[in-house]
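The structure under discussion appears below in the form of structure tokens.
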Amino acid sequence: MNHYHERILVVEDDKQIQSFIGYSLETAGFPYDAVSTGENALQYLVSEPIDLMLLDLGLPDFDGMEVIKKIRKWSQMPIIVVSARDQDKEKVAALDLGADDYLTKPFSAAELLARIRVAIRHLYRQGNNNESAIRSVGELKMDFKKRIVYLEEKEIHVTPLEYSLLLLLFRNMGKVLTTQNILKEIYGLNYGNDTRALRALMAGLRRKIEKNPSKPRYIMTEIGVGYRLVDE
Ligand code: CA
């Protein structure tokens, strides 16, 4: 059995879900603590060394969104939001506020652990300033120093905007990025709300990197939320 040293705080008021998550974490070898309110979560964070948080958005005392806002004032710890299926809007708002990822109830232990592992990898990449110059997923490869994209070892031509989009996705490999987030990052301050432009840009990029753009292998669409580059 693996033993992780990253300590996880589970913030969930539904006792059944809390114990399901707890059991999954324990089985996988993660140390964790569980609380049921936003107030207790914040208290916990100031007194205990926590590396990652799983946060239910519908808490009895205050909104999970408030918890994210407060934490982001002083910490960049990974926050994975746990939400019900009818909370799509909240999910996107939570990501825009700085949550790292989300899980929609009901989810499997495998999904939960996959998301946690991605978040932990990011935690270490963040702290590592000498980012490796070459990153790849499947047959898709990016050389950040030379600003070249390869597919099956062949250089492919991408426009500067497509390059920026792909770079952003690679830097956040495995993580979901909201449409707003992507627009802001690649178009800058005057990004407005041109989701159509982003869809067109994405379609163009997919035609270049995906064998079957309607069944993408690399860049996944998260319906109603945004996009995610797979992390293999
Ligand atoms: Ca709840």
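The values are calculated or read from the model by the stated rules, or taken from the named source; none is laboratory data. Bear in mind that the values here come from a model prediction, so they are computed numbers and not experimental data. Counting neighbours? That spans all protein chains shown, and the Cβs are built from the backbone with ideal geometry, glycine included. These area figures cover heavy atoms from the full protein model, side chains too; ligands, DNA and RNA do not enter into them. Shrake-Rupley method; radii C 1.70, N 1.55, O 1.52, S 1.80 Å.
Anything in the range 15-37 that is farther than 19 Å from A110 by Cα, open to solvent by less than 60 Å² (accessible area, probe 1.4 Å) and either within 16 Å of the ligand (Cβ to nearest atom) or touching a residue at least 60 places away in the same chain (Cβ under 8 Å) (or both)? List them, or say none. Show your work before the answer.
As a first pass, look at the range 15-37 and keep what is farther than 19 Å from A110 by Cα: 15, 33-37.
Filter once more, keeping what is open to solvent by less than 60 Å² (accessible area, probe 1.4 Å): 33-37.
A34, V35, S36, T37 - these are the residues of the range 15-37 that are farther than 19 Å from A110 by Cα, open to solvent by less than 60 Å² (accessible area, probe 1.4 Å) and either within 16 Å of the ligand (Cβ to nearest atom) or touching a residue at least 60 places away in the same chain (Cβ under 8 Å) (or both).
From L167, L151, L201, which residue is open to solvent by 30 Å² or more (accessible area, probe 1.4 Å) and closer than 26 Å to A93 by Cα?
Result of the check over L167, L151, L201: L167.
Can you find even one residue in the range 98-110 that is part of a strand (DSSP E or B), among the acidic types (D, E) and out of contact with any Cys (no Cβ under 8 Å at 6 or more places or on another chain)?
Within the range 98-110, the first condition is being part of a strand (DSSP E or B), and the residues that meet it are 101-104.
Now narrow it down to the ones that are among the acidic types (D, E): 101.
Pick out the ones that are also out of contact with any Cys (no Cβ under 8 Å at 6 or more places or on another chain) and you get 101.
Within the range 98-110, one or more residues are part of a strand (DSSP E or B), among the acidic types (D, E) and out of contact with any Cys (no Cβ under 8 Å at 6 or more places or on another chain).
Take the range 30-86 and flag every residue that is over 22 Å from the mean Cα position of the chain (by Cα) and of a type in the set (S, T, N, Q).
If the condition is that a residue be over 22 Å from the mean Cα position of the chain (by Cα) and of a type in the set (S, T, N, Q), then S36, T37, N40, Q43, S47 are the ones that fit.
Starting from residues that are of a type in the set (A, V, I, L, M, F, W, C) and within 11 Å of the ligand (Cβ to nearest atom), keep the ones in the range 43-64 and report whichever is surrounded by the most Cβ atoms within 10 Å (Cβ to Cβ). Give the steps one after another, and end with the answer.
The first filter runs over the range 43-64 and keeps only residues of a type in the set (A, V, I, L, M, F, W, C), leaving 45-46, 50, 52-55, 57, 59, 62.
From the residues that got through so far, the ones that are within 11 Å of the ligand (Cβ to nearest atom) too are 55, 57, 59.
Details: L55: 24, L57: 21, L59: 22.
The extreme case among them is L55.
Only one of A119, A114, A84, A94 is open to solvent by 20 Å² or more (accessible area, probe 1.4 Å), in contact (Cβ under 8 Å) with a residue 24 or more places away in the chain and of a type in the set (A, V, I, L, M); which? Write out each step before concluding.
Working: A119 fails: open to solvent by 20 Å² or more (accessible area, probe 1.4 Å); A114 fails: in contact (Cβ under 8 Å) with a residue 24 or more places away in the chain; A94 fails: open to solvent by 20 Å² or more (accessible area, probe 1.4 Å).
Of A119, A114, A84, A94, the one residue that is open to solvent by 20 Å² or more (accessible area, probe 1.4 Å), in contact (Cβ under 8 Å) with a residue 24 or more places away in the chain and of a type in the set (A, V, I, L, M) is A84.
Any residue that is open to solvent by 20 Å² or more (accessible area, probe 1.4 Å), more than 13 Å from the chain's Cα centre (by Cα), under 21 Å from L95 (Cα atoms) and of a type in the set (S, T, Y) - is there at least one of those in the range 204-218? Write out each step before concluding.
At the first step, the residues of the range 204-218 found to be open to solvent by 20 Å² or more (accessible area, probe 1.4 Å) are 206-208, 211-217.
The next check asks that each one be more than 13 Å from the chain's Cα centre (by Cα); those that pass are 206-208, 211-217.
Narrowing further to those that are under 21 Å from L95 (Cα atoms): none.
Checked against the condition, which is being open to solvent by 20 Å² or more (accessible area, probe 1.4 Å), more than 13 Å from the chain's Cα centre (by Cα), under 21 Å from L95 (Cα atoms) and of a type in the set (S, T, Y), the range 204-218 yields no hits at all.
When you look at L9, is it away from the ligand (no atom under 11 Å from the Cβ) and open to solvent by less than 60 Å² (accessible area, probe 1.4 Å), yes or no?
Values: away from the ligand (no atom under 11 Å from the Cβ): yes; open to solvent by less than 60 Å² (accessible area, probe 1.4 Å): yes.
So L9 fits the description; yes.
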